[in-house]
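Have a look at the structure below, then the notes.
The values are calculated or read from the model by the stated rules, or taken from the named source; none is laboratory data. These figures come from a predicted structure and were not determined experimentally. Positions of Cβ are generated from backbone atoms using ideal geometry, with glycine treated the same way; all protein chains shown enter the neighbour counts.
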Amino acid sequence: MGVRMAAPLSRIAVARRVAEVASEKQATDVVVLDLRPLKAFTDFFVIVTATSPPHMEALIEEMGKALGEAGCPLLHREGEAQGGWVVLDYGDVVVHLFLAPQRAYYRLEEHWAGGVPRLILR
């Protein structure tokens, strides 16, 4: 008998898993935006605020572990924690990690206001 592989996570399950990991690791203002109604380049944004660059790197590591175990590889990373903004591209789910000043500056929730908040964790 062969080894049974787990079914891949759905897009919403990937977004929720990222949000759960962020919340468990003390990130703040965790928001999942469903961009499918906008027919955007991706289905979901997960927007997260970290408290410091080391906290951001820890969040990135934990998200990578959780999604890697679920068979969802990171496709691309852009930005640096020291710069206050990192983007993680998981295909149908794009994760934006910010420090508070950068999140206030970029205001992604306002720019993507047509997205539907699906899960908000504080």
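A few notes on this one:
- Close Cβ contacts (under 7 Å, 6 or more residues apart or on different chains) running from residues in the stretch 18-38 that are on the phi > 0 side of the Ramachandran plot to residues that are in a loop (DSSP other than H, G, I, E, B) and among the charged types (D, E, K, R) comprise ASP29/ARG122.
- Restricting the stretch 1-47 to residues that are small (Gly, Ala, Ser) and surrounded by 12 or more Cβ atoms within 10 Å (Cβ to Cβ), the residue that is modelled with the lowest pLDDT: ALA40
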